[in-house]
Amino acid sequence: MQFAESYVTEDLVLRTARALAREVGVEAVTPGAGAALRLLAAAGNARAVVEIGTGTGVSGVWLLRGMRPDGVLTTIDVEVEYQRLARRLFQEAGFPSGRTRIITGRALDVLPRLADGAYDLVFADAAATGFAAYVDAALRLLRPGGVLALNGALAGGRIGDPAARDVETVTVRETVKAIRESEHWVPALLPVGHGLLAAVRS
């Protein structure tokens with residue numbers, strides 16, 4: 001696991017974004033999860049991506065680096081300050097402002113305004129309590145063959161412990177199970193970072 005996390009190294013931009021995340025108390029995706037996101041974006045030749053949870057830009061930089069050169073990342077967060085830091089990091093990473101659409105607000109208020117079937121990838125890195133709603137939104141937003149990625153799908157290692165009945169773990173467990181059993185998704189649970197559930201929209 002540790003080798004997998006250190007397999008792809010992070011440059012100064014990502015290390016800076018990660019340090020800023022620690023400063024403001026945001027838990028950024030791990031390098032292993034970031035590399036997986038870049039791979040998913042690159043494999044799908046992603047042009048339009050939605051990110052729920054901007055943070056300080058760690059996952060956004062990884063996604064942008066996997067996307068097509070003309071791709072646009074739409075990233076949503078309630079925290080203006082985090083987004084200010086992320087905007088700076090996107091610029092430092094060499095991405096022109098036209099490559100990102102940074103929207104401040106609650107994801108559940110913003111997502112209904114986005115176009116149906118217009119996106120190649122939806123990545124959610126936010127509170128697990130919203131997982132079911134994000135999955136529903138992704139089903140509408142993604143084109144067939146588009147990819148949903150949920151961060152935190154191992155629920156802090158508690159996902160396989162039947163005795164863990166806290167709200168977060170139960171929510172994650174139910175979401176993971178629902179995606180596995182749905183005819184709309186072709187899923188895999190990747191054991192990187194805090195668990196990355198990736199599912200292709202059929």
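What follows draws every value from the coordinates through simple rules; no lab data is involved. If you're wondering where the values come from, they're calculated on a predicted model, not measured in any experiment. With ideal geometry, Cβ positions are generated from the backbone for all residues, glycine too; neighbour counts draw on all protein chains shown.
Quick look at the numbers
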| read-out | value |
| --- | --- |
| DSSP loop GluC sites (Glu not before Pro) with at most 15 other Cβ within 10 Å: longest gap in the chain | 28-182 |
| Global geometry of the stretch 159-202, whether rounded, prolate or oblate, following the gyration tensor of its Cα atoms and the 1.5 cut on a/c | oblate |
| Magnitude of the charge dipole, the stretch 70-151, Cβ model with Lys/Arg +1 and Asp/Glu -1, debye to 20 | 160 debye |
| Sorted largest first, extent of the chain alpha carbons per principal axis (Å) | 44, 36, 30 |
| Part-to-part distance (alpha-carbon centres) for the stretch 75-115 and the stretch 168-202, which is given in Å | 25 Å |
| Cα-only radius of gyration and Dmax that characterise the stretch 101-186, units Å | 13.5, 42 |
| Cβ-based exposure ranking for I179, I52, in which fewest neighbours within 10 Å come first | I179, I52 |
| Axial C-alpha extent at least 20 Å, average Kyte-Doolittle at least -1.0 - helices from the chain (DSSP) | 167-181 |
| MRE, 222 nm, helices only [DSSP H, n ≥ 4, -39500 (n - 2.57), over the chain, to nearest 500] | -12000 deg cm²/dmol |
